[in-house]
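Inspection log for the structure reproduced underneath, given as structure tokens.
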Amino acid sequence: MQDFQNNMLPKFEQNTAAFLNNLSAEKTLKDAMAYSVEIGGKRIRPLIIMAICSFYNRPIDNDVLAVAGSLELLHTYSLIHDDLPEMDNDDLRRGKATNHKVFGQAEAVLAGDGLLTLAFDWITRTGLNSKSKIDLIAVLAEAAGPEGMVSGQVADIEGERKTLNLEQLKKVHERKTGALLKYACQAGGILSEAKDNELDLLVNFGASFGLAFQIYDDILDVVSTTKEMGKAVHKDEIENKNTYPGILGLDGAYQSLEQSIEEAHKILVKLNADESILADFLEYFKGKDSK
């Protein structure tokens, strides 16, 4: 996994930075957009796209890098808007000042708007065939929109005013966090021309991975520090958010995390990918404070 990241990420970062830099747009807007994209991050979503392409021996060319980059642009827009005072009201993101703290609230909103729309624009600029472009755009729109991430965000905000049960919480995060991770798996499958049954398995892997990802994030909010996370911690409890540790207790959350990881691994076995780079993504959950 580390070798794959070391090889792929510099190409990804260079390609994404060049695309943003070459835009014909107002300088302040370009600067604000680039600021949040270039802060960095785990790049889990684009790496999943590239890892699936690698698994299927699909060359990771400029088209793959563009699709991977478009997802990171859209993900970054969601973070900029998440950090705004009207939503999570955060001052730190990835150890740096949040976008609205640097550029102002109005500019941050517009930077997010720019990244959101640009994500779809970038897919249209690729050399992919028309069907692949349409499929990618349609699936991304569903994952990011009112049937996906945006509904999850609304449910998360409204959940602060009520107590959810475990199934309700899973439904919130299936959309808020899981939708874009599932899309990453779908996009990798579409780019690789995976068979329908394989695409279904990839989507299921994305769902299990997304659940594990959210449980792990909830756990880290409890056990980690601001320095380690690059953002404020212990906010979930302060803001009365529904979380897996809150419902299951910390030990129960760790147990649920392990179950999700195991389910993801079983799916990879069905794909004959349990010894591939995709399997290495499950090691992400053992990199910090996993029991």
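Could you tell me which trypsin sites (Lys or Arg not before Pro) in segment 130-196 are loop residues by DSSP with no more than 13 other beta carbons within 10 angstrom of their beta carbon?
On the way: sites: Lys131, Lys133, Arg161, Lys162, Lys170, Lys171, Arg175, Lys176, Lys182, Lys195; in loops: Arg161, Lys162, Lys195.
Answer in residue order: Arg161, Lys162, Lys195.
The mean sequence separation of alpha-carbon pairs under 8 Å and at least six residues apart, normalised by the residue count of segment 64-145, gives a relative contact order of 33 percent. Put a plus charge on the Cβ of each Lys and Arg, a minus charge on the Cβ of each Asp and Glu, and nothing anywhere else: the dipole of the chain about its Cα centre is then about 380 debye. Between Asp217 and Asn89, the simple spin-label model (points 7 angstrom out along Cα→Cβ) gives 2.0 nm. Kirkwood analysis of segment 24-177, using all unique Cα-Cα pairs, places the hydrodynamic radius at 16.7 Å. Mind grabbing the base-10 log of I(q)/I(0) for the chain at q = 0.08, 0.09, 0.12, 0.13 Å⁻¹? Debye formula, identical points on the C-alpha positions, no solvent, two decimal places. Log10 of I(q)/I(0), two decimals: -0.32, -0.41, -0.76, -0.91.
Please report, to one decimal in angstroms, the Kirkwood hydrodynamic radius of segment 1-64 built from all distinct Cα-Cα pairs. The partial results should precede the final answer.
On the way: mean 1/r = 0.0772 Å⁻¹.
Kirkwood radius, segment 1-64: 13.0 Å.
Considering only Ile60, Tyr216, Phe205, the residue lying farthest towards the positive end of the dipole of the chain is Ile60, judged by Cα position with unit charges set on Cβ. Here segment 139-194 was treated as a single set of alpha-carbon atoms; its pair distances binned every 5 Å from 0 give 5, 22, 25, 19, 13, 8, 5, 2, 1 percent.
Over every Cα atom in segment 129-228, the radius of gyration and the widest Cα-Cα span, Dmax, amount to 15.4, 47 Å.
Assuming charge only on the beta carbon of Lys and Arg (+1) and of Asp and Glu (-1), the dipole of segment 1-142 about its Cα centre is about 460 debye to the nearest 20.
So what is the relative contact order for the chain, in percent, with contacts set as C-alpha pairs under 8 Å and at least six apart? Present the calculation step by step, with values, prior to reporting the outcome.
On the way: 379 pairs, mean separation 54.8, N = 291.
Relative contact order of the chain: 19 percent.
We did not get these values from a lab; they are worked out from the coordinates using the rules stated. None of these values were measured; they are calculated from a predicted model. Glycine gets a Cβ as well: all are built from the backbone with ideal geometry, and neighbour counts include every protein chain shown.
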